[in-house]
Structures are given as C-alpha cells and as structure tokens.
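K.L.:
A single structure is presented below for examination.
The values are calculated or read from the model by the stated rules, or taken from the named source; none is laboratory data. From a predicted model like this one, the values you see are computed outputs, not experimental measurements. When we count neighbours, we look across all protein chains shown, and the Cβ atoms used for this are built from the backbone with ideal geometry, even at glycine.
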Amino acid sequence: MTVDPPDRPSPRRCVCPGSFDPVTSGHVDVVRRAAALFDEVVVAVLANPAKRGLFTPAERQDLLRDSLLDTPGVRVEVVDGGLLVDYCRRIEAVAVVKGLRSGTDFAYELPMALMNRHLTGLETVFLPGDPHLEHVSSSLVKEVAGHGGDVSGLVPDAVLPRLLERLAHPLP
Ligand code: PNS
C-alpha cells in the first residue's frame, strides 16, 4: 500500500512595501516582527518613477538585504511599476504589512489599505511602530545626516557608512 504524502499547506506570505530610501531601523523592526507572524516576508522596493531618490532601487535592495541578513524567511525584491495588489496576487501574498508610527501615518495608510481591499480583497495588517523609533523616517534621517547630525542607531549599521558616503557624493 502506498501512502500519499500529506498536502503541504502553501506558505502564508506577506509583503512589506515601501520606497526604503534608505531602510531605517523602524523598517527593520517592522519586517522582523512580520517575519515572526508569517511564513515568508517579501520586502518590496517600489520605485516611484516621478521621484528621484538618494539611492537607486537596486542599491536600496542591497541595503535592505544587508540589514536583514540575520532574519530568516525574508527576501527583498524591486518592483518595477504596476499596482501593489497585482504584485501581491502574482506572488500569492495574503497580506500587506505596514508599520504605523502615528495618527499621521494612519491617515496616509488607511485610504491605501481600503483601496487595496477594494481592488482585490488584499488585506493590510498594521503593526504599531516601536515608540523608541517614532521620530524616525527615511526623509528625516537624510535631512539630519545631511546637516552633520548623528543618525547612528536610527539606521542599520550596514546603512550608516553608505548613507554618509552618498550624502557626501550624491549621484550625478
Ligand atoms: O514608503 P512609501 O513611499 O510610503 O510607500 C508607498 C507605497 C510604495 C507602498 C505605495 O505608494 C504603493 O503601494 N505604490 C504602488 C502603486 C500602487 O499600488 N498604488 C495604489 C495604492 S492604493
């Protein structure tokens, strides 16, 4: 008698989307916590063609990978345009995970979460941001570091030297 192998349930995959220009310690905290909740986390670098960043999408992907080396179950992809819901459907992700630092974040994120659910039923899971990192955003980190302020601890160790180097020598 042969025994069929048990059906392997498909992995519960979520997506952490963002521009990550560059990844901050707040982002890393959210991705790590998402990795504890889901079988697999895909960190999706969504390049905004209308907005030139400090880092190219491929560089942001490298910085994310180096910052998440110690977190199993995470991969980092660059998504070249299109809707987030279509990407999530393509890779069979069941949810988007986002961190919320404040009511301002909620006001920004809620319409997108509702629109994504309207479009395909894609759910969004909000995780409260670490209160110690509530003031941390990619744009503030760039501004402070650009004026010589100390941002150590606010970005992963792998990011700090490359951030300072890029601010000193921006892309042409
Ligand atoms: O880090 P950000 O810039 O706040 O991330 C916003 C992002 C990239 C997650 C959002 O703009 C997005 O999902 N863009 C993909 C295009 C899309 O699906 N737009 C409709 C959103 S309802």
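K.L.:
Quick one: Gly81 ticks every box in (1) more than 17 Å from the chain's Cα centre (by Cα); (2) modelled with pLDDT under 95 except a single one, so which number is it?
P.N.:
(1)
K.L.:
List pairs: first residue in the range 43-71 and more than 12 Å from Val23 (Cα to Cα), second residue in a loop (DSSP other than H, G, I, E, B) and β-branched (Val, Ile, Thr) anywhere in the structure, Cβ distance under 9 angstrom, at least six positions apart or on different chains.
P.N.:
Once the first residue is more than 12 Å from Val23 (Cα to Cα) and sits in the range 43-71, its partners that are in a loop (DSSP other than H, G, I, E, B) and β-branched (Val, Ile, Thr) give Ala47/Thr56.
K.L.:
Within the range 112-125, restricting attention to residues that are near the ligand (Cβ under 9 Å from one of its atoms) and touching a strand residue (DSSP E or B) at 6+ places or on another chain (Cβ under 9 Å), which residue is nearest to Leu37 (Cα to Cα)?
P.N.:
Ala113
K.L.:
Only residues that are assigned to a loop (DSSP other than H, G, I, E, B) and either at pLDDT below 95 or crowded, with 19+ Cβ neighbours inside 10 Å (or both): list them for the range 61-74, please.
P.N.:
Here is the first cut: in the range 61-74, the ones assigned to a loop (DSSP other than H, G, I, E, B) are 68-73.
Passing the criteria: only Leu68.
K.L.:
Residue under question is Leu140, and the condition is that it be in contact (Cβ under 8 Å) with a residue 40 or more places away in the chain and under 18 Å from the mean Cα position of the chain (by Cα); does it hold? First the steps, then the outcome.
P.N.:
Values: in contact (Cβ under 8 Å) with a residue 40 or more places away in the chain: no; under 18 Å from the mean Cα position of the chain (by Cα): yes.
It is false that Leu140 is in contact (Cβ under 8 Å) with a residue 40 or more places away in the chain and under 18 Å from the mean Cα position of the chain (by Cα).
K.L.:
Please give the number of the condition Glu109 fails out of (1) under 20 Å from Val136 (Cβ atoms); (2) among the charged types (D, E, K, R); (3) more than 9 Å from the ligand (Cβ to nearest atom).
P.N.:
Of (1) under 20 Å from Val136 (Cβ atoms); (2) among the charged types (D, E, K, R); (3) more than 9 Å from the ligand (Cβ to nearest atom), only one is false for Glu109: (3).
K.L.:
Looking only at the range 1-60, count how many residues are under 22 Å from Cys88 (Cβ atoms), within 11 Å of the chain's Cα centre (by Cα) and in a loop (DSSP other than H, G, I, E, B).
P.N.:
Final tally of qualifying residues: 4.
K.L.:
Can you name every residue in the range 72-98 that is more than 10 Å from the ligand (Cβ to nearest atom) and in contact (Cβ under 8 Å) with a residue 40 or more places away in the chain?
P.N.:
Start the filter on the range 72-98 by keeping residues that are more than 10 Å from the ligand (Cβ to nearest atom), which leaves 72-78, 80, 89-95, 97.
Val74, Ile91, Glu92, Ala93, Val94, Ala95, Val97, listed by residue number.
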